[in-house]
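For reference, the structure is listed below as structure tokens.
The values are calculated or read from the model by the stated rules, or taken from the named source; none is laboratory data. Here the structure is a predicted model, which means the values were calculated and not measured. Virtual Cβ from ideal backbone geometry, glycine too; neighbours counted across all protein chains shown.
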Amino acid sequence: MDEAIECFLEKLLQSNPVALSEMKRITWQHTEHWIEELPKNAEISGKLVLSQQTKQMLAKFKNR
């Protein structure tokens with residue numbers, strides 16, 4: 001995975017900075033609602049990770 005990331009970064013460094021900036025701008029369009037959604041999603045994730053089923057699955061994984 002590190003090698004793939006390194007390769008990807010090398011490609012980015014050789015890219016047109018204006019094009020990269022535009023890609024970033026386009027990628028983040030219509031994400032204004034995330035300010036409200038992220039805390040809600042974090043709450044859901046927190047409840048799920050604290051569930052008994054998740055704790056049991058993590059315990060099994062830990063004991064491998």
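Restricting attention to the range 47-64, the residues that are in a helix (DSSP H, G or I) and either surrounded by 10 or more Cβ atoms within 10 Å (Cβ to Cβ) or at pLDDT 95 or above (or both) total 8. Please specify each residue of the range 1-30 satisfying the condition of being part of a loop (DSSP other than H, G, I, E, B) and surrounded by 10 or more Cβ atoms within 10 Å (Cβ to Cβ). Within the range 1-30, SER15, TRP28 meet the criteria.
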